[in-house]
Amino acid sequence: MSESHRNKSQEKNHNSKVASELNNLIQIISGTSSLIENIWEGRPGSEKYFEMLRASIERAEQVTAQLVAQAGGTNRKRLLPSDLEQRFEALIAGAPNQRKHSILVVDDEPMALELLHGVLTDAGYEVAVAQSGFESLDLFRRDTHAFDLILTDLSMPLMDGEETFERLRQMSPTVNVVLMAGFVDSGRLEKMMNNGLSGFVGKPFAPVEILAVVTSVISAADQSKEGTSGIAAAV
């Protein structure tokens with residue numbers, strides 16, 4: 001390997017790590033901003049302060065997106081299997097959930113867990129949380145039918161989101177897993193999608209974005225179950 005190629009590779013790895021950390025930080029700041037905004041709503045001068053904060057967060061997102069592109073990461077904000085992508089809008093506009101659905105959220109950042117727990121609970125989902133891949137596997141192993149969907153962060157110590165996904169699929173080939181990440185290499189994401197990943201959503205994301213992905217994946221899974229049950233009944 002030439003010195004020039006080695007330097008470019010090191011620069012790419014550095015950019016990917018910086019982009020990932022920036023994305024995680026922006027997600028936490030954005031979520032914290034939303035919480036504070038709810039508390040301070042209507043206070044004198046609060047709107048001007050939050051407008052400045054929103055502008056700063058948007059600028060940070062733009063810089064991070066540039067780093068992601070330079071490091072060869074995906075430029076997709078959302079990624080779903082092609083058949084589900086085609087039905088995305090119809091699923092979002094469809095009827096509300098007919099039954100209570102359970103979601104397991106896996107992230108090593110306590111603030112991220114708190115924010116996602118609040119967003120999903122408010123939307124009517126039953127939510128369990130795990131702060132590591134190991135903890136999520138332990139919860140899933142107790143009952144492989146307990147969760148309709150598992151949301152997992154990619155960047156976690158000891159066991160990252162990709163390994164967590166692979167081990168979950170070994171326990172249950174039909175488990176629905178959606179990956180959350182600030183940075184993920186395009187080739188790596190494509191490989192996971194080909195291996196059965198149900199979807200991807202890039203950090204930072206607004207509550208409506210994560211809810212849209214969750215709704216579409218769970219709705220598609222429900223339709224698949226209904227179709228299978230109908231065929232079994234007919235037979």
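Here the 3J(HN,Hα) profile of the stretch 173-189, calculated from phi with Karplus coefficients 6.51, -1.76 and 1.60 at θ = phi - 60°, is x, 9, 5, 8, 10, 10, 8, 10, 7, x, 9, 8, 4, 4, x, 5, 5 Hz, Gly and Pro shown as x.
Here the Karplus relation 6.51 cos²θ - 1.76 cosθ + 1.60, evaluated at θ = phi - 60°, turns the backbone of the stretch 109-114 into coupling constants of 8, x, 5, 4, 4, 4 Hz, with x for every Gly and Pro. Considering the stretch 128-235 at the alpha-carbon level, its Rg and Dmax are found to be 14.6, 48 Å. With contacts taken as Cα pairs under 8 Å and at least 6 residues apart, the stretch 145-231 reaches a relative contact order of 26 percent. Residues whose amide H falls under 5 Å from that of Asn176, counting only those 5 or more places apart or on a different chain, are Ile150, with hydrogens built in the peptide plane. For Ser132 and Glu163, the difference between the fully extended length at 0.36 nm per residue and the C-alpha to C-alpha distance is 10.0 nm. Overall, the accessible surface of the stretch 102-218 at a probe of 1.4 angstrom is composed of carbon and sulfur to the extent of 50 percent.
Largest accessible area first, the residues Lys203, Lys191 order themselves as Lys191, Lys203 under a 1.4 Å probe with ligands, DNA and RNA left out.
Put a plus charge on the Cβ of each Lys and Arg, a minus charge on the Cβ of each Asp and Glu, and nothing anywhere else: the dipole of the stretch 128-175 about its Cα centre is then about 180 debye.
List the residues whose amide H sits under 5 Å from the amide H of Met159, counting only those 5 or more places along or on another chain, with H placed 1.01 Å from N in the peptide plane. The answer is Gly133.
What the phi angles of the stretch 159-168 give under the Karplus curve with 6.51, -1.76 and 1.60, with θ = phi - 60°, is a coupling list of 10, 7, x, 5, 5, 4, 4, 4, 6, 4 Hz, glycine and proline written as x.
Rounded to the nearest 0.05, what FRET efficiency is calculated for His117 and Ala55 with R0 set to 30 Å and r the Cβ-Cβ distance? The computed FRET efficiency comes out at 0.60.
The values are calculated or read from the model by the stated rules, or taken from the named source; none is laboratory data. Given the structure is predicted, the values throughout are model-derived calculations rather than measurements. All Cβ positions, even for glycine, are placed from backbone atoms using ideal geometry, and neighbour counts span all protein chains on display. Accessible surface is based on the protein model in full, side chains and every heavy atom, while ligands, DNA and RNA are left aside. Shrake-Rupley method; radii C 1.70, N 1.55, O 1.52, S 1.80 Å.
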